[in-house]
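Asker: Mind having a look at this structure? Questions to follow.
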Amino acid sequence: MSEFEEVLRVRRETSGTAVVVSAEGEVDQATAGLFHRELLRALAEVGPPSPVVVDLSGVEFFGSAGLNELVLAHVQAELLGAQLRVVAQHREVLRPLRITGLDEQLHLSPTVDAALGTPV
């Protein structure tokens, strides 16, 4: 296990036609590459118009590199005809999303079930 995998754990699983990417730990400059790879893999697996759900409920720190990765994934999802849905429920993630205005651009949900249940 690399040093970065100890700070950030990311797993990917399917749920129906959706792909759920769950992150736990810290998303920052040092770990953004791992987060980026898993988001791209999820986008490659999902078929439009199915969503990729990014579950950030286990994230303890969400820096500018993480915000950038969400923007890139959002744009890539739109190009593919898919959707990016973000699960955010606590201050460590919601605050940076609100400060940057990304809460207005991204589809936010409080739980994975809510994100999966949202109509396309």
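The values are calculated or read from the model by the stated rules, or taken from the named source; none is laboratory data. Predicted, not measured: the structure shown is a model, and the values here were computed from it. Quick reminder, even Gly has a Cβ in these numbers, built from the backbone with ideal geometry, and neighbours come from all protein chains shown.
Asker: Out of the residues in segment 1-29 that are assigned to a loop (DSSP other than H, G, I, E, B) and at pLDDT below 95, state the one that is nearest to LEU80 (Cα to Cα).
Answerer: Of everything passing the filter in segment 1-29, THR17 is nearest to LEU80 (Cα to Cα).
A quick yes/no check of all residues on (1) β-branched (Val, Ile, Thr); (2) over 17 Å from LEU34 (Cα atoms); (3) free of Cβ contacts under 8 Å to residues at least 40 places away in the same chain:
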position	(1), (2), (3)
PRO48	no, yes, yes
ASP55	no, no, no
GLY63	no, no, yes
ASN68	no, no, yes
VAL75	yes, yes, yes
ALA88	no, yes, yes
LEU97	no, yes, yes
GLN105	no, yes, yes
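Asker: Looking for something more than 19 Å from ASP28 (Cα to Cα), surrounded by 15 or more Cβ atoms within 10 Å (Cβ to Cβ), touching a helix residue (DSSP H, G or I) at 6+ places or on another chain (Cβ under 7 Å) and not aromatic (Phe, Trp, Tyr) - is there at least one such residue anywhere in segment 53-72?
Answerer: yes
Residues checked against (1) in contact (Cβ under 8 Å) with a residue 24 or more places away in the chain; (2) surrounded by 14 or more Cβ atoms within 10 Å (Cβ to Cβ); (3) not small (Gly, Ala, Ser):
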{"residue": "VAL7", "(1), (2), (3)": "yes, yes, yes"}
{"residue": "VAL10", "(1), (2), (3)": "yes, yes, yes"}
{"residue": "SER15", "(1), (2), (3)": "yes, yes, no"}
{"residue": "VAL20", "(1), (2), (3)": "yes, yes, yes"}
{"residue": "ALA23", "(1), (2), (3)": "yes, yes, no"}
{"residue": "GLN29", "(1), (2), (3)": "yes, no, yes"}
{"residue": "LEU34", "(1), (2), (3)": "yes, yes, yes"}
{"residue": "ARG41", "(1), (2), (3)": "yes, yes, yes"}
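Asker: Give the residue, chosen from GLY33, GLY47, that is under 19 Å from GLY117 (Cα atoms), of a type outside the set (Ser, Thr, Tyr) and out of contact with any strand residue (DSSP E or B) (no Cβ under 7 Å at 6 or more places or on another chain).
Answerer: Exactly one residue qualifies, and that residue is GLY47.
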